[in-house]
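Presented below is the structure to which this report refers.
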Amino acid sequence: DAKTYVDLAPIDDRILRQVIWRYLSLFVAFKGSALVDPGLRKLQSYVDRLKLVGRVSSIIWSPIIGTAAKLTWDTINATYKSAAEEWDSIFAQRSRQEPVSASERQGRAAEQDAPDGLEELVEKLVLSSDHHVNPDEDSWRTHAFSLHLDEDMLEL
């Protein structure tokens, strides 16, 4: 569990920065609409720990580079407050709505029109498992199914 790791790992741990960035980003992604405070004060202790770990890591290991985890957290941290204020009313409205059953969702999707030609294209698709692939000829790829398309199917 990332929270336990972040809480217990030594400050000079080589991957602690990455774990904290990911933990913070995932926490906001999963709990974002339930967070009452758009300033993310609930996460402040982790943000402070991240700053300290960053200082220690840049001295011991290497300078901080823009990894995907870092850039994701930097973006969330920079934009969350204004985004939460802008979207708060929508989140509140959505949270009050009754859940939609799978059958109701399918019914709504069936009511929507598919793009022209898509239905015909889907009807002509043939998935077969009889296509054999020689690993020596196809290098790293393995295929569970072969997709057969007629030339006229490609003209939408």
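The values are calculated or read from the model by the stated rules, or taken from the named source; none is laboratory data. The structure presented is a predicted model; accordingly, all values stated were derived computationally and were not measured. Don't worry about glycine lacking a Cβ; one is built from the backbone with ideal geometry, like all the others, and counts go over all protein chains shown. These accessible areas exclude ligands, DNA and RNA; they are computed on the full protein's heavy atoms, side chains included. Shrake-Rupley method; radii C 1.70, N 1.55, O 1.52, S 1.80 Å.
Structural remarks
- Checked against (1) closer than 11 Å to Ile20 by Cβ; (2) surrounded by 13 or more Cβ atoms within 10 Å (Cβ to Cβ); (3) not aliphatic (A, V, I, L, M), Trp87 passes all but a single condition, namely (1).
- Among the candidates Leu24, Leu52, Leu16, Leu40, residue that is open to solvent by less than 80 Å² (accessible area, probe 1.4 Å) and at positive phi: Leu40
- For the range 1-36, the tally of residues that are within 20 Å of Arg55 (Cβ to Cβ) and assigned to a helix (DSSP H, G or I) stands at 13.
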